[in-house]
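K.L.:
The structure that follows is given in the form of structure tokens.
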Amino acid sequence: MTETAKMCTVRLAVIPAAGLGTRFLPATKSIPKEMFPIVKRPAIQVIAEEAQGSGITDFVMVTGRTKGAILDHFDRAPELEAVLERDGKVDVLSAVIEPTHLMNMTSTRQHQALGLGHAVLAARPIVGDRPFAVMLPDDLVQGEQPYLRALIDAHEATGKGVVGIMEVRPDEVSSYGIVQATERADGNYDISDMVEKPDPADAPSRLAIVGRYVLPSRVFELLEQTTPGKGGEIQLTDALCALAKEEGMIGVPLSGVRHDTGNVEGYITANVAYALNDPSVGPGLKQRLQQMLGDEDS
């Protein structure tokens, strides 16, 4: 490990949360998709808990005009708290206050929907020259250990940018950013190139990028140099590709189960998976699901 790598401690995460959530309309007309519940916690809190468990202390939330509820969730609610305290609902009061203790929250706005790269670039004035994580709120990773921690460990060991990766089926390749990589002795991968949503016949592998990244501040300069694509959007993958060719990148295989809550089926599946692991609702839900599936088979 080099001296440079030893100093690359990551304490800040950027959360791009400015999307309109059109796949969930009309529900997202007035409610941010990131606030949809996973059992009893909003999805954005699940992300924040993974970040905290990985050593992150500061969140930079990149939001849009209609996303104020996200920031409110991580703030105190004096009127609600007073009622819960008066009524002796100690456990509920603790759950309401808990999000405010997860981390320091800062926000900035993405004024136009010009792609994920543009959203990340909007955080540059706050991030400055520090290494930072990027966590896509549509990707929930359910596992024994916080997945982001493994990416931070890889960054601190190498000083390089890191992305989460997972193997996908051949018919799924065209839906993801795919990396060209070789396996390392430690089980991670050296990434030399990547391509966004390739034709399966042209894909360099079946290793797809998951919505977790740990990046050096150099990526901001590369984003500023990135030529906008379709719809004027700046793609993060383009900047990451340039970074990989410039200094190499590390890919960390997925540990745990990834849920894509950006679509209705994935969101419902995530709720079921997290609920089955919740001792307060899991046993009853499992019994009910078995009854429902049994009714369908009869």
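The values are calculated or read from the model by the stated rules, or taken from the named source; none is laboratory data. Only a predicted model underlies this, so the values are computations on that prediction, with no experimental measurement involved. Every residue, glycine among them, receives a Cβ derived from its backbone with ideal geometry; neighbour counts consider all protein chains shown.
K.L.:
Could you list, in sequence order, the residues of the stretch 30-49 that are in contact with a Gly (Cβ under 9 Å, 6 or more places away or on another chain) and assigned to a helix (DSSP H, G or I)?
P.N.:
Answer for the stretch 30-49, where residues must be in contact with a Gly (Cβ under 9 Å, 6 or more places away or on another chain) and assigned to a helix (DSSP H, G or I): 33, 34.
K.L.:
Let me ask something else. Looking at 29, 40, which is the one that is farther than 25 Å from residue 276 by Cα and surrounded by fewer than 16 Cβ atoms within 10 Å (Cβ to Cβ)?
P.N.:
None of the others qualify; the one that does is 29.
K.L.:
Quick check on my filter: what residues within the stretch 117-145 are more than 20 Å from residue 74 (Cα to Cα) and either modelled with pLDDT under 90 or not hydrophobic (A, V, I, L, M, F, W, C) (or both)?
P.N.:
117, 118, 124, 125, 128, 129, 130, 131, 142, 143, 144, 145
K.L.:
In the stretch 201-250, what residues are of a type in the set (Val, Ile, Thr) and either at pLDDT below 90 or part of a helix (DSSP H, G or I) (or both)?
P.N.:
219, 226, 227, 234, 237
K.L.:
Also, I was wondering about something else. Can you tell me how many residues in the stretch 168-203 are without any contact (Cβ under 8 Å) to a residue 40 or more places away in the chain and either crowded, with 16+ Cβ neighbours inside 10 Å or farther than 12 Å from residue 251 by Cβ (or both)?
P.N.:
Matching residues across the stretch 168-203 total 18.
K.L.:
Among the listed residues 43, 82, 27, which satisfies the condition of being over 19 Å from residue 108 (Cβ atoms), hydrophobic (A, V, I, L, M, F, W, C) and in contact with a Phe, Trp or Tyr (Cβ under 6 Å, 6 or more places away or on another chain)?
P.N.:
Answer to the selection: 43.
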